[in-house]
Amino acid sequence: KTPMRPMLLVCTACCFVTAVPTRAATPPGNATPLIKLPTVVAASVKSLGDTCREVGGTPRTGDVVKHVDLNADGKEDFVVDVGSANCDGAASIYGDREKGVAVYVGDGMGGATEAFSDSVYGATIEGQGSAAKLWLTVSAQRCGKKPAVDFATENFCDRVLVWNAQTKQFDYAPVSTVRMLQ
């Protein structure tokens, strides 16, 4: 195997895809390979890094992008989970509790379109292949409950995203399918 060498990629307005540091699903050893991401996904990750650098921090975004086929079309989709980002030197820059999550549907040709975004308390991918599901930790009304008086007594649940082929968007599954958290 040839060791990876640092690369500088320049992207112009006509650039379709770019490469940014991101971890593969199972990186060999301690390597952090460069994986081509759709431009819109790479821009989202770059924006996270820029936000951290603007306040003098060092961004750690290698685990932010998850590669998974969430709409079962056989093409790789991309989950950008801000909750997996770290900013050394400015830990709270990405938020205190809720963090952004966005899902980009891949077109199989190197491009992607945003199909969902929200602020959540956590994101978990369960399953593989066409059985993969993205569960998001949310609270209160999104769990079908009234908001609590304070954060310490709030209701939290995991709620799965479902694909709507007509709108080409993801949305939360019905409240009746939530998994309440203790």
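The values are calculated or read from the model by the stated rules, or taken from the named source; none is laboratory data. Computed from a predicted model, the values in this text were never measured in an experiment. In this analysis, Cβ positions are derived from the backbone assuming ideal geometry, glycine residues included, and neighbour counts consider all displayed protein chains. In case anyone asks, the SASA skips ligands and DNA or RNA and just uses the protein heavy atoms, side chains included. Shrake-Rupley method; radii C 1.70, N 1.55, O 1.52, S 1.80 Å.
Sequence neighbours fewer than 8 away in the same chain don't count; with that in mind, list the lysines whose C-alpha is under 22 Å from Lys145. Filter leaves Lys99. Amide H neighbours of Asp118 under 5 Å, counting only residues 5+ apart in sequence or on other chains, H built in-plane at 1.01 Å? For Asp118, the qualifying residues are Val101. Projecting the Cα positions of Val160, Ile125, Cys143 onto the charge dipole of the stretch 97-181 (unit charges on Cβ atoms of Lys, Arg, Asp and Glu, taken about the Cα centre) puts Cys143 furthest along the positive direction.
Here the stretch 99-149 is treated with +1 on each Lys and Arg Cβ and -1 on each Asp and Glu Cβ, and its dipole about the Cα centre works out to around 380 debye.
For the stretch 61-182, report the accessible area per residue in Å² (1.4 Å probe, heavy atoms, rounded to an integer). Per-residue value: 53 Å². Per-residue 3J(HN,Hα) values for the stretch 83-91, derived from phi via the Karplus relation 6.51 cos²θ - 1.76 cosθ + 1.60 with θ = phi - 60°, read x, 9, 8, 10, 10, 4, x, 7, 4 Hz in sequence order (x marks Gly and Pro).
What the Kirkwood sum gives for the stretch 67-182 is a hydrodynamic radius of 15.2 Å, with every pair of different alpha carbons counted.
Taking 18 Å as the straight-line reach from the Cα of Lys36, the lysines in range (excluding those fewer than 8 positions away in the same chain) are Lys46, Lys66, Lys75.
Each residue of the stretch 46-63 was assigned a 3J(HN,Hα) from its phi angle through the Karplus curve 6.51 cos²θ - 1.76 cosθ + 1.60 (θ = phi - 60°); the sequence is 4, 4, 4, x, 4, 4, 5, 5, 4, 9, x, x, 10, x, 10, 10, x, 10 Hz, with glycine and proline shown as x.
Roughly how many percent of the accessible protein surface of the stretch 58-122 is carbon and sulfur, given a 1.4 Å probe and a whole-percent answer?
Numbers: 1200 of 2850 Å².
Taking all protein chains in place, the stretch 58-122 shows 42 percent carbon and sulfur surface.
Of the peptides 131-143, 161-173, the ranking by mean beta-carbon count within 10 Å, highest at the top, reads 131-143, 161-173.
Quote the charge dipole size of the stretch 141-182 about the Cα centre in Debye, to the nearest 20; the model charges only the Cβ of Lys and Arg (+1) and of Asp and Glu (-1). Intermediate results must be reported in sequence, preceding the final value.
On the way: 6 positive and 4 negative charges, 27 e Å.
Dipole about the Cα centre, nearest 20: 120 debye.
Each label was represented as a point 7 Å from its Cα along the Cα-to-Cβ direction; for Ala131 and Asp63 these points are 2.5 nm apart.
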